[in-house]
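What follows is calculated from the coordinates using simple rules that are stated; it is not laboratory data. Worth saying up front: this structure is predicted, and the values here are computed from it rather than measured. Quick reminder, even Gly has a Cβ in these numbers, built from the backbone with ideal geometry, and neighbours come from all protein chains shown.
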Amino acid sequence: MASLSEAKRIVVKIGSALLVEKAGGGLRAAWLTALAEDVAWLKGLGKDVVLVSSGSIALGRGVLGLPATELALEQAQAAAAVGQIRLARAYEEALAPHGITTAQVLVTLEDSADRRRYLNSRATMEQLLGLGVVPIVNENDTVATDEIRYGDNDRLAAQVAVTVGADVLVLLSDVDGLYDANPGDNPDARRFERVERITPEIEAMAGDAGSGLSKGGMKTKLMAGKTATAAGCAMAITQGLNSNPLKALEKGAPATWFDAHGDPQAARKRWIASMKPRGAVSVDDGAARALARGTSLLPAGVAAVTGAFGRGDPVEILNAQGHKIGQGLSRYTAEEAERIRGHRSEEIEEVLGYPGRAALIHRDDMAL
């Protein structure tokens, strides 16, 4: 099974029931302090860590005195607006003593459904992680409508794990794994230590949400598992209510581990290669050799641009003889690519009149 110590990049989902007291809606400050110790431990091991945190609506609800029942959309958005600033400040104050910088990243379902937004989100997250920052990700409930919502942070966490190419996704919950029956009703219920593949039979065992604060039940966790494991990311469901839940997981605390299918980078490459191209870029021999060594495609190596593609669209990469050598997601439109082809990266701003990314196609967005 996977482990935190062997992973390079870890996404941790934190449910509202762990972060916010049921009575009064206050922050569980001591618990968050202990979680910060776990994050610092992982960072000390050289791991990239992303936290996907629920809690903004629950925190805001308490401040505004809203009922602990299902809120109308506008009430939930108001609660999120109040709670988001408190949630971000709580994480910043918990992690700062460990010398860890945090960043707030608010997203909606549209940000992963639209390739251009997806690429922008991915580039931002990669930059933050490269700088040693711990991003705190939450759904942007202040502006999201029902039509553009994930609706739960389990699936959001899985999408974040796919976006950043995580090795392990940990769902910290108020349950310690997947059972073959409801352990609250059946004392003989058996917890699965490991799930190799999420089958229809496994899905049939899932129940509904058990916490008054949480919107995600076991069904949503299994949906998250299908997304993450298909992209090469292992997933664990474990009890998070106690202090230092990540260290406890590494020491063998009760959990259900879901096996990854392949590795994240290979899964992403297959996804890119399977897309229908919207255009093509032809590269010179020097660029073709550089790509074979694993570099990104810079504008200087592009000899010709064909097609009508936008940012984030898939384009074929052709060598000087016109043979396809790969496919990737363009960081520029076809018009922009035509204008900057043959130019060095430091000349992009002068050519376009505004700053741009150094690579036309980044190596992480390319399948050769």
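Remarks
- Dipole-positive endmost among 36, 161, 245 within the stretch 9-264 (Cβ charges, Cα centre): 36
- Considering only beta bridges that DSSP places wholly inside the stretch 275-367, some 75 percent are antiparallel.
- Looking at the chain, the DSSP beta bridges with both ends there are about 40 percent antiparallel.
- About the centre of its Cα atoms, the stretch 275-367 shows a dipole size close to 320 debye [charges on the beta carbon of Lys, Arg (+1) and Asp, Glu (-1) only; nearest 20 debye].
- Projecting the Cα atoms of 230, 183, 299 onto the charge dipole of the chain (Cβ charges, centred on the Cα centre) puts 299 farthest toward the positive pole.
- With a Förster radius of 45 Å applied to the beta-carbon distance between residue 197 and residue 321, the computed FRET efficiency rounds to 0.55.
- Assigned charges on the beta-carbon of Lys, Arg, Asp, Glu; the chain dipole about Cα centre (debye): 600
- Order of 325, 348 - criterion: other Cβ atoms within 10 Å of each residue's Cβ, fewest first: 325, 348
- Each of 192, 309, 258 was scored by other Cβ atoms within 10 Å of its Cβ. Arranged with the fewest first, they read 192, 309, 258.
- Estimated FRET transfer efficiency (residue 21, residue 104; beta-carbon r; R0 22 Å; 0.05): 0.50
- Of 277, 309, 358, farthest towards positive along the dipole that unit charges on Lys, Arg, Asp, Glu beta carbons give the stretch 275-367: 277
- Straight-distance crosslink candidates among lysines, where the alpha carbon sits under 28 Å from residue 251 and sequence neighbours closer than 8 are dropped: 8, 13, 43, 47, 219, 221, 226
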